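See below for the structure under consideration.
The values are calculated or read from the model by the stated rules, or taken from the named source; none is laboratory data. It should be emphasised that the depicted structure is a prediction, and the values quoted were computed from it without experimental measurement. FYI the Cβ positions are ideal-geometry reconstructions off the backbone, even for glycines, and counts take in every protein chain you see. Note: areas computed on protein heavy atoms with side chains; ligands, DNA, RNA excluded. Shrake-Rupley method; radii C 1.70, N 1.55, O 1.52, S 1.80 Å.
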Amino acid sequence: MSAMAAGAAATDPMLPAVARVVGRRRETADVWTLEVAPPDGWAGFAPGQFNMLYLPGLGEVPISMSGDPAAPGPIRHTVRAVGAVSAALAALRPGAAVGLRGPYGSAWPVAEAAGADVVVMAGGLGLAPLRPALYRLRAERARYGRVALLYGTRSPADILFRRELERWRRQLDLEIEVTVDRAAGDWRGSVGVVTRLLPRIAFEPVSSVALVCGPEVMMRFAADALLDAGVPEPRIHLSMERNMRCAIGQCGHCQFGADFVCKDGPVMSYDRLRARLKIREL
Amino acid sequence: MTVETLERYILEHRFFEGLEPAFGSLIRGCARNVRFEAGQYLCREGEPADQLYLVRHGTVALEISAPGRGALTFQTVHEGEIVGVSWLVPPYRWTYDARAAELVRAIALDARCLRDKAERDHDLGYELMKRFVPVLVERLHATRLQLLDLYAPPA
Ligand SMILES: Cc1cc2nc3c(=O)[nH]c(=O)nc-3n(C[C@H](O)[C@H](O)[C@H](O)COP(=O)(O)OP(=O)(O)OC[C@H]3O[C@@H](n4cnc5c(N)ncnc54)[C@H](O)[C@@H]3O)c2cc1C
Ligand code: FES
């Protein structure tokens, strides 16, 4: 892929539009949030969806939207620098150009959860793809029962969106519990795995909806803990990660059992994933 | 605090949920009500494990100190949970420090008293085991996940 189209109206679905970086913000030591101006034809996104971001000469990677889906203005992506493409994306300055196609993939069932308690479980960077769902839940808070965010990460320094979480916690419309794997010195919060937070919140398991995103091992154990608590399989939703190329269900790169993660996912319900999650290297 | 209140606290604690009231009064004989200010230690690594604590309020940080690195918290224990499993198995010694991270109210159970009662009354002993073993298994499982360092940057 050598060219970038001038607008998303391009007929070739594999041709990225050119988007301008308009802002950049450091979140933690290796995580940055990029703000890009919506390219022509951008019609918004649903929480949980992702874009393919492309840098000529380096490659193209899937990155979820992490901003408020209802807010006008730039599209936000929160990127962890782990390899060539993600590190180059995280280093982009305002004014730089980036290729963008999307939005792609399935969404968190936020509207469908109306009337229910909602348990959001995030691990590490998994909070980023969940943040748009949290914005939606907050915006229509009265439509839901209890809403809790249980967030586990490596250490206090790795907590994403910390100020925002603190503000939300003060406003009392979400219950927010954060735990880290290890802490030294002045950390006054919880230490331990994220599943230990579950018994601490009040919710009605059978009718709750759970949204889970994080490393796959974390999601497996989170799903087990939710099931043990009594949340039915179809009400537990995970966001899967697989390597991607086309992102439009054509190349088969992201195949996961009978599904393509780019098209049928990334968000899928546990009843659909159960058997496959336990199989190694699928 | 009256013995009745103490017994009620024991029976209402999540750790003893569903316990037969008769056992409650046996356990109460080993119990006392305690309180720790923020920063006080419930126990210190290496000391004899002669107590265990049912946390009723507040947060306890379980820590290991390493030279040059200070105290590292590997787990926090909260309302409805317990501090102390070392009292169950010889040599009955604490293997970590437990520090009150904020005001902590707890029921302290005398370990020797509890061991003696469990030895005499195996039904009580079995009830205790059924409650302590899951805590041990859960901590082992949590330790394994923490060792995996799931949220670390990929190597
Ligand atoms: C649907 C979807 C949404 C995603 N959303 C985000 C997001 O919002 N923010 C973000 O930073 N990343 C996200 N990712 C992951 C991101 O796409 C990868 O990190 C990126 O493709 C890595 O490319 P690279 O060229 O930088 O690194 P590579 O050179 O491809 O990889 C560098 C190292 O990272 C490891 N690695 C690559 N991908 C992953 C991964 N997904 N998980 C763990 N280790 C990995 C590789 O094994 C290798 O060791 C998402 C992935 C998917 C499938
Ligand atoms: S990435 Fe090509 S089919 Fe999913």
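When the residues of region A:224-261 are filtered to those that are within 16 Å of ligand 2 (Cβ to nearest atom) and either among the aliphatic types (A, V, I, L, M) or at pLDDT 95 or above (or both), which remaining residue is nearest to A:Cys213 (Cα to Cα)?
By that ranking, first place goes to A:Ser239.
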>> On the basis of being modelled with pLDDT of 95 or more, open to solvent by 40 Å² or more (accessible area, probe 1.4 Å), of a type outside the set (Asp, Glu) and within 28 Å of A:Ser155 (Cα to Cα), does A:Arg80 make the cut?
In response: yes
> In region A:23-34, how many are closer than 22 Å to A:Gly124 by Cβ and away from every other protein chain (no Cβ under 14 Å)?
Replying inline: 5
> Which of the residues that make up region A:195-220 are within 14 Å of chain B (Cβ to nearest Cβ) and over 16 Å from A:Arg276 (Cβ atoms)?
Replying inline: A:Thr195, A:Arg196, A:Leu197, A:Leu198, A:Pro199, A:Arg200, A:Ile201, A:Ala202, A:Cys213, A:Gly214, A:Pro215, A:Met218
>> Being buried (at least 16 other Cβ atoms within 10 Å of the Cβ) and within 14 Å of chain A (Cβ to nearest Cβ) is the filter here; which residues of region B:103-115 pass it?
In response: B:Val104
>> Restricting to region B:116-138, name every residue that is in contact with a Gly (Cβ under 9 Å, 6 or more places away or on another chain) and either open to solvent by 30 Å² or more (accessible area, probe 1.4 Å) or not in a helix (DSSP H, G or I) (or both).
In response: B:Lys117, B:Glu119
>> Suppose we filter A:His237, A:His253 for residues that are open to solvent by 50 Å² or more (accessible area, probe 1.4 Å), within 16 Å of ligand 1 (Cβ to nearest atom) and more than 14 Å from every other protein chain (Cβ to nearest Cβ); which single one remains?
In response: A:His253
>> Checking A:Leu134 against (1) outside any helix (DSSP H, G or I); (2) more than 14 Å from chain B (Cβ to nearest Cβ); (3) in contact with a helix residue (DSSP H, G or I) (Cβ under 9 Å, 6 or more places away or on another chain); (4) crowded, with 24+ Cβ neighbours inside 10 Å, only one condition comes out false. Which one?
In response: (1)
> Taking region A:62-95 as the search range and keeping residues that are part of a strand (DSSP E or B) and touching a residue at least 60 places away in the same chain (Cβ under 8 Å), which one is nearest to ligand 2 (Cβ to nearest atom)?
Replying inline: A:Pro62
> Of everything in region A:159-191 that's open to solvent by less than 80 Å² (accessible area, probe 1.4 Å), on the phi < 0 side of the Ramachandran plot and part of a loop (DSSP other than H, G, I, E, B), which residue is nearest to the other protein chains (Cβ to nearest Cβ)?
Replying inline: A:Asp181
>> Out of everything in region A:262-279 that is open to solvent by 30 Å² or more (accessible area, probe 1.4 Å) and within 16 Å of ligand 2 (Cβ to nearest atom), what residue ends up being modelled with the lowest pLDDT?
In response: A:Arg276
